[in-house]
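What follows draws every value from the coordinates through simple rules; no lab data is involved. Here the structure is a predicted model, which means the values were calculated and not measured. As a convention, Cβ positions derive from the backbone with ideal geometry for all residues, glycine included, and neighbour counts pool all protein chains shown.
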Amino acid sequence: MTRHVFLFLGTFLVGALLALGARTARHQPHGKAADVPAPESRTQAATAPDHAGHASSAVPSTSPTSATPVNTVCAICGMPVDPKLPTATYQGKTIGFGCKMCPPKFKAEPEKYGPLYLRNEVLSR
């Protein structure tokens, strides 16, 4: 009986270690916490005065808007668009994101992700 208990415990520990190793090997973090804009910067951008008379920059804006996004799926993470997250404008169209880690990635490479958002496709890895 004692032998069976030790055999069970040994098998359990080996299985747990293998599962932990497999999970660690497959883990892919979205990004660093430093990539996420601070809440103060979002509120300041939302209350900034309108500068409609100035020329627009080539970089897409990432700001909370009331316009409905043209996409239903986030092109970066593949999750459904979260209406609570800020949206961005790409080629005059509003796009939405699936998680808070996606807007900084989109802002860094808008030409890579923008067409996928407009076609409502997910980035293939």
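Just a few scattered comments:
- Label-point separation, S124 to R23 (7 Å along Cα→Cβ), nm: 3.1
- Ranked by how many other beta carbons lie within 10 Å on average, peptides 109-122, 91-104 from highest: 91-104, 109-122
- Summarising the label geometry, the points placed 7 Å from Cα in the beta-carbon direction at E109 and T72 lie 2.7 nm from one another.
- Net charge dipole size for segment 59-119 [Lys, Arg +1 and Asp, Glu -1 on Cβ; Debye, nearest 20]: 40
- On the basis of the beta-carbon distance and an R0 of 25 Å, T11 and C99 show a calculated FRET efficiency of 0.10.
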